[in-house]
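To start, the structure itself, in structure tokens.
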Amino acid sequence: MTHIQYKNDRRIAAELSSVDFIIGGDSHTLMGDYGQNGLPTVGSYPQQVTNLDGDSVCIAHAWQYSQVVGELQILFSGDAVASCGGQAQMLVSTDAPEEIKALPQFSAVSKDAAAQELLDGFQESLDELTQTGIATVASRLCMKRMGPMTIADCGIGRQSDVHAVVAKAFLASAPQADFALQNGGGVRTDLNAGQLTVADVYRLLPFANTLVEIEITGAEVKQVLEQALTYALSESGSDGAYPHGAGIRFDVNLAAADGERISKLEVKTEGNWQPVEPHQSYTMVTNSFLAGGADGWHLLGELNAAGRVQDTYVNYAQSFVDWARETEIIKRPSEHSTQSYRPVGE
């Protein structure tokens, strides 16, 4: 069972022995006969490949958000897979058109009355909380996981607005920290101009992360940023590893050699930008996901194991809610747009 994306499931299947089937996730890959319905399927359910031994491996994904249930059937010949079969079932309402419900790749399901009654009670309380306005967003804050904006009304060439304000909120929640870093994949949506609600924040930061403080040297900051970029550019990695920050700035050259992509690394000290000193110790605030060494930020996992990570146990979305309430009017950042960025190939 994996959570590393469909392309990586196919890759590791060929590199492992004695693997019969892989149930995967993360890439929201739809398998099954849904192309005729206008849905983005990669082909049949499941996919059949071979492992390092040359034996068959069945790979199954079931799209996203529990909208599909996968029913995988495997026929074995001794210890080896003889064939892969089964059917992905997309769940639809009993009110769906009859021609849809008649197709084998769709299953009509009705609501469970007792469960629905329980959910309705929770929903009433949730709506009251989540629709509460906590701040005003002065102008649309756009999101770009990696690199500068390419959308005109977001300001072409600017860095991601929402990542910048998220990092700023983290830093405000840990005033003893020198700077904050956040990965591109941990922030999930733009913020539209107008009233900001609690629901908006939890769509922006939907994971169960907490804020953590890390004691880190300047040389280690450089190392972990380089690790993040290496992972973002690797075939098995993700652009969600790309680093964004507050109280810290740096230039990025993706065309440079591995380990040499970060330059002009600076932190803001008493209102002034100062070069990061390799041997100086700094306090960084980030999310607990990265502190575990995830998304290619491996060094943070090592620092965690060495006892240099302190969990604040503050939910990272709640930290943004608290910051937004105090800020009242959230404006589009400007300072972070000065980062120099060169893509691969330039």
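The values are calculated or read from the model by the stated rules, or taken from the named source; none is laboratory data. Quick caveat: nothing in here was measured; it's all calculated off a predicted structure. Every residue, glycine as well, gets a Cβ built from its backbone with ideal geometry; the counts of neighbours run over all protein chains shown. The accessibility values were calculated without ligands, DNA or RNA, using every heavy atom of the protein model including side chains. Shrake-Rupley method; radii C 1.70, N 1.55, O 1.52, S 1.80 Å.
Label positions at Thr283 and Thr130, each projected 7 Å from the Cα along the C-beta direction, are separated by 3.5 nm. Computed about its Cα centre, the charge dipole of the stretch 25-175 is approximately 880 debye, with only Lys, Arg, Asp and Glu carrying charge at their Cβ.
Summarising the overall dimensions of the stretch 247-307 from its C-alpha atoms, the Rg and Dmax are 13.4, 35 angstrom. The order of the peptides 233-244, 172-183 by mean Cβ neighbours within 10 Å, most packed first, is 172-183, 233-244. For the stretch 97-109, the Karplus equation 6.51 cos²θ - 1.76 cosθ + 1.60, evaluated at θ = phi - 60°, returns couplings of x, 4, 5, 6, 5, 7, 6, x, 8, 10, 10, 7, 10 Hz by residue, with Gly and Pro reported as x. Legend: P(r) of the chain from all alpha carbon pair distances, 10 Å bins from 0, whole percents, reading 5, 20, 25, 24, 17, 7, 1.
Mean separation of Cα pairs under 8 Å and 6 or more residues apart, divided by the residue count, gives the chain a relative contact order of 15 percent. Using only Cα atoms, what is the ratio of the radius of gyration of the stretch 168-271 to 2.2 N^0.38 Å? Here the Cα radius of gyration is 1.18 times the empirical estimate. The accessible surface of the chain, taken with every protein chain in place and a 1.4 Å probe, is 50 percent carbon and sulfur. Placing dummy labels 7 Å off each Cα toward the beta-carbon, the span from His3 to Val109 is 2.0 nm. Using C-alpha pairs below 8 Å separated by at least 6 residues, the relative contact order for the stretch 281-333 is 20 percent. Asn51: net charge of surrounding residues, Cβ under 15 Å, Lys/Arg +1, Asp/Glu -1, itself excluded? Neighbour charge sum, excluding Asn51 itself: -4.
A straight line joining the Cα centroids of the stretch 148-194 and the stretch 234-269 runs 15 Å. Please determine, in degrees from 0 to 90 and to the nearest 10, the orientation of helix 113-130 with respect to the longest principal axis defined by the Cα atoms of the chain, where the helix direction is its Cα long axis. The angle comes out at about 20 degrees.
Normalised by the number of residues in the stretch 135-286, the average gap of Cα pairs under 8 Å and 6 or more apart makes the relative contact order 30 percent. For the stretch 201-321, the spread of Cα coordinates along the three principal axes comes to 39, 36, 29 Å, biggest extent given first.
The stretch 77-128 gives an Rg/Rh value of 1.28, both radii derived from C-alpha positions and Rh following Kirkwood. Can you list the lysines whose alpha carbon sits under 23 Å from that of Lys144, skipping same-chain ones fewer than 8 residues off? Straight-line reach from Lys144, under 23 Å: Lys7, Lys168, Lys222, Lys264, Lys331. Rounded to the nearest 20 debye, the dipole magnitude of the stretch 1-86 is 280 debye, with +1 charges on Lys and Arg beta carbons, -1 on Asp and Glu beta carbons, and the Cα centre as origin. The residues of the chain expose on average 50 square angstrom of accessible surface per residue, using a 1.4 Å probe on protein heavy atoms. Between the helical axis of 316-327 and the longest alpha-carbon principal axis of the chain there is an angle of about 50 degrees. Take every Cα-Cα pair in the stretch 16-147 and report what % of them are more than 20 Å apart. Tail fraction, whole percent: 64. So what's the angle, to the nearest 10 degrees on a 0 to 90 scale, between helix 218-233 and the longest Cα principal axis of the chain? The two axes meet at around 30 degrees.
Packing, taken as the mean count of other beta carbons within 10 Å per residue, orders the peptides 127-137, 247-257, 295-305 from highest to lowest as 295-305, 247-257, 127-137.
Would you tally the net charge around Ala88, using a Cβ to Cβ cut-off of less than 10 Å, leaving Ala88 out, and scoring K and R as +1, D and E as -1? Computed value for this residue: -2. Estimated at 0.36 nm per residue, the fully extended path between Thr189 and Ala14 surpasses their Cα-Cα distance by 59.5 nm.
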